[in-house]
Amino acid sequence: MDLLKQTYNIAKQHNVEIVLMAGEQCSSLCPFRTEHNLWQANLEKTNHRGYHNKYSYLSCYPGKTSLYSPREDSDIVCTEKSQFDKYLKNCDMLKYSGRLNYVNARVGDGTKHKYVYVFLDTKNIKGFRGRELFWADSFSEIYEKSYVPFNFWTPGALEVSSKKTQNIDIYNKIKNSSPWGTPEGVELSKKLMNCKNECYKCHLCEKVFGLENYDSLYQFKIKKI
């Protein structure tokens, strides 16, 4: 955050806009990313489905856990509204990655179709079909009601009953079942605001998420395909 403030102030002096990547599932400083992008771009021309199947293991490290700690992606994590405000004050736009988790679910009798934001542990999205969901009609609603963590919200299309009412217990259950819902997770999110990616001498992410310490993504072995 300190570096962002300095950069933003200099940018304003030269009439330059600052755009932050708010949601990105690639790991920060991943040593395989350039090769992955080059290989997958060519693969897309002949085998679109291969991008998310076994071919991806040729050029994307497969060591990600089901918890997806901050060591494994580059999301802006805000467990408090005040944190999000600091980012908003020091950038002109928040941009999401081109590939987002997309929700297309049926809730209730499905008499009404709407495009909304859905609150999910989006990094563990498998299995959401058929279960109860908590959603918001706009990001303004999410922000005003402080439905944190903000990085758990993903856009999606819902078929819902016109009489369907929201159950705040669903939101609380999802939030409190995540490491981000703990005091340790909140403290970690604050530390990440000034993270320098010196993971080899920190390991706070692994501690909060209950993972074994590791110093580099090179430590992961490529899966056999």
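The values are calculated or read from the model by the stated rules, or taken from the named source; none is laboratory data. Owing to the predicted nature of the structure, the values given are computational and were not obtained by experimental measurement. All Cβ positions, even for glycine, are placed from backbone atoms using ideal geometry, and neighbour counts span all protein chains on display.
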Breaking point among (1) at pLDDT below 75; (2) surrounded by fewer than 14 Cβ atoms within 10 Å (Cβ to Cβ); (3) of a type outside the set (Gly, Ala, Ser); (4) over 28 Å from PHE32 (Cβ atoms), for LYS112: (2)
Residue within the range 144-156 that is in contact with a His (Cβ under 9 Å, 6 or more places away or on another chain) and modelled with pLDDT under 80 present: no
Residue among ILE168, ILE125 that is modelled with pLDDT under 85, under 29 Å from PRO70 (Cβ atoms), of a type outside the set (Ser, Thr, Tyr) and surrounded by fewer than 19 Cβ atoms within 10 Å (Cβ to Cβ): ILE125
Single condition TYR218 does not satisfy, out of (1) of a type in the set (Phe, Trp, Tyr); (2) modelled with pLDDT of 85 or more; (3) surrounded by fewer than 13 Cβ atoms within 10 Å (Cβ to Cβ): (2)
Verdict on SER161 being hydroxyl-bearing (Ser, Thr, Tyr), exposed (fewer than 14 other Cβ atoms within 10 Å of the Cβ) and modelled with pLDDT under 80: yes
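Can you pull out every residue in the range 11-23 that is assigned to a helix (DSSP H, G or I) and exposed (fewer than 11 other Cβ atoms within 10 Å of the Cβ)?
Within the range 11-23, just GLN13 meets the criteria.
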Lone unmet requirement of (1) exposed (fewer than 15 other Cβ atoms within 10 Å of the Cβ); (2) of a type outside the set (Ser, Thr, Tyr); (3) modelled with pLDDT of 65 or more; (4) more than 28 Å from THR182 (Cα to Cα) for LYS54: (3)
Pairs, first of a type in the set (A, V, I, L, M, F, W, C) in the range 137-154, second part of a helix (DSSP H, G or I), C-beta under 6 Å, six or more apart: PHE150/PHE84; TRP153/ILE142
For CYS26: the one exception among (1) at pLDDT 90 or above; (2) under 24 Å from SER216 (Cα atoms): (1)
